[in-house]
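Notes follow once the structure below has been shown.
Just so it is clear, none of the values below were taken in a lab; they were calculated from the coordinates. It should be emphasised that the depicted structure is a prediction, and the values quoted were computed from it without experimental measurement. Here Cβ is always computed from backbone atoms with ideal geometry, including for glycine, and neighbour counts include all displayed protein chains.
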Amino acid sequence: MKSATHATSLFTAIPLSLLLLAGCSSTTQQEEQLNNPDWVMEKVEEAYKKKEYERAFHLLFPVAVAGDARAQYTLGYLYHHGFGVEKDDQQAMQWIQRAAAQGHAKAIKALKNR
């Protein structure tokens, strides 16, 4: 009887282990996507269109900090308009200047027009 219980628990444990492994690969896939600036910018655009500004901000911030000029300019834009964050023109200018320093055309134009 003991071996039957052991076998049953073994067969129960195997699918559970596979489920846990699938969860890990999903997390790894999510991490890879979040480290892909193109994917993040696509999701930011989707969030922005849905007026999910806080979500856009949270997606953008790490990419901007990592140095992506598009994310930096967009983050500055969110700060300037107060979308998803408290309006802060000083923060907006800092992010837009970072993007402009990398040659981002919209950021350069924004600095010239201020």
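What ³J(HN,Hα) values, in whole Hz, does the Karplus curve 6.51 cos²θ - 1.76 cosθ + 1.60 give for the range 84-101 when θ = phi - 60°, with x put for Gly and Pro?
Per-residue couplings from phi come out as x, 9, 5, 4, 8, 5, 5, 5, 4, 5, 4, 5, 5, 5, 4, 5, 4, 4 Hz.
What does the charge count near GLY76 come to, summing +1 for each Lys or Arg and -1 for each Asp or Glu among other residues with Cβ under 13 Å from its Cβ? The partial results should precede the final answer.
Values: positive: ARG70, LYS87, ARG98, LYS106, LYS109, ARG114; negative: ASP68, ASP88, ASP89.
For residues surrounding GLY76, the net value is +3.
Run the numbers for ASN36 and GLN94: contour at 0.36 nm per residue of separation, minus the present Cα-Cα distance, in nm.
That works out to 18.6 nm of additional length.
Show me, bin by bin at 5 Å from 0, the whole-percent P(r) of the range 36-114 based on Cα pairs.
3, 19, 29, 26, 18, 5, 0
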